[in-house]
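What follows is a set of notes on a single structure, which appears directly below.
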Amino acid sequence: MDTKLETGPGKWELQAHSKPRSAAHKTTTTLKAIPSPTHMLLVKLHQEGILKYVISQNTDGLHRRSGIPKSAIWELHGNNNMERCKKCGHEYLRDFKCSRSKMKHLTGRNCDNPKCGGTLRDTIINFGESLPDDELEGSFEQAALADLCVAFGSSLTVTPAADIPEEVGKRKKNPGNLVIVNLQTTPLDGVASLRIFAKCDDVSEMLAKKLSVEIPSFHLHRRLLVTSEPTGKGQRVKVAGGDSEGHPMSYLKQVKFVAKDTISSHETEPIWLLHHAGGTIKMTLYFQGHYNEPEVDIDFLSMRGQSQSSLNVLFVQIVALESIKFISRLCFYGDSNETKVITK
């Protein structure tokens, strides 16, 4: 097994040779992984309107974590951190792996919608299983529109995923261009307009320089919305995570509330608290902690008679591979829509 990567041979290569991974090779879990320069270049190119869509065979969730929005990506083989309601189709991103190997895709959780309550299933596509129709059809639709398709790091041996770039490379009407970046040969080399034998990150850095764009640093966003609404018995407070587009995302492993003389602890998002009186609720947020996120204390003002108040918590992670620092910004939005920013 020959490899030029610091991580050593891939999982399937090791399994094919019945070999363990050497302790000399650097690896980390996907939950702690930092998106690469290639991931971040794709984010920048999408922000600039150059890249229209990402079609991914990876299941590590790093494209979504890096900043590619759900509306600009098809994850053909699923996402380890996503589960979907079998009944209503609602999707939930988690800060933990959703699959349970002995559960046949069932995760043991249920849809949060009280009108649904359907069973949740992981989204991973195992060997021998069919790809989901929406993702596959959507990917071919994007291929038909593409002027250029760049295949980064894929062996292009797994179908039907490999058929997507092949369609671009072989297209006769409104011809497209296929560029393949891989250290090894692939079955589609013969239909590629350009073949680059190099590491993806090296090519990405050269491409960024050629296009005069700067590859952004990775910022880990932890977006939480804390809302309160009046009920007949007081205020109902909700704590829930979400991504930049408002899709549910679970970040927390625990929230502790202190309201007057009452102390309570909750561990399942979305987290609800019935507060019988107005005034300040003190809460401590505990994250899953894959990036060593610190706990955060919040004083939340829940006022009787107020139609709604909300608190948006945004973590910005300043990333270095060995040292991760945090800046936490607590932004309060009341009825006046004024914003108060507190930086720790």
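Here, each number is a calculation from the coordinates, and none is a lab measurement. Not measured: the values here are computed from a predicted model. So basically every Cβ, Gly included, is an ideal-geometry build from the backbone, and we count neighbours across all protein chains shown.
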Cα→Cβ-extended label distance, 7 Å offset, between Lys233 and Asp147, nm: 6.1
Computed E for Lys282/Lys173 - FRET, C-beta separation, R0 56 angstrom, nearest 0.05: 0.30
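Starting with the highest mean, order 113-125, 75-87, 154-166 by the number of other Cβ atoms within 10 Å, averaged over the residues of each peptide. Could you put the intermediate results ahead of the total?
Details: 113-125: 15.8, 75-87: 21.9, 154-166: 17.8.
Going from most to least packed, we get 75-87, 154-166, 113-125.
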Simple label model, 7 Å out from Cα along Cβ direction - Arg109 to Cys88, nm: 1.5
Per-residue HN-Hα couplings for segment 112-129 [Karplus 6.51, -1.76, 1.60; θ = phi - 60°; Hz; x = Gly/Pro]: 6, 5, x, 7, 10, x, x, 6, 9, 10, 5, 10, 6, 9, 7, 4, x, 9
Spherically averaged projected area of segment 105-193 from its Cα convex hull (nm²): 8.0
Placed amide H near Val54: partners under 5 Å, 5+ positions off or other chain: Ile73, Trp74
Cα-based Rg and Dmax for segment 213-269, where Dmax is the largest Cα-Cα distance (Å): 15.7, 55
Positive-end extreme of charge dipole, segment 71-191 - chosen from Asn81, Thr185, Ser155 (charges on Cβ): Asn81
Cβ-Cβ FRET estimate between Glu13 and Gln254, R0 fixed at 51 Å, reported to 0.05: 0.80
Per-residue ³J(HN,Hα) for segment 41-54, Karplus 6.51 cos²θ - 1.76 cosθ + 1.60, θ = phi - 60°, Hz, x for Gly and Pro: 5, 4, 4, 5, 5, 5, 4, 7, x, 7, 8, 8, 7, 10
Rounded FRET efficiency, nearest 0.05, which uses the C-beta distance separating Arg21 from Val191 and R0 of 56 Å: 0.95
Part-to-part distance (alpha-carbon centres) for segment 194-255 and segment 137-157, which is given in Å: 24
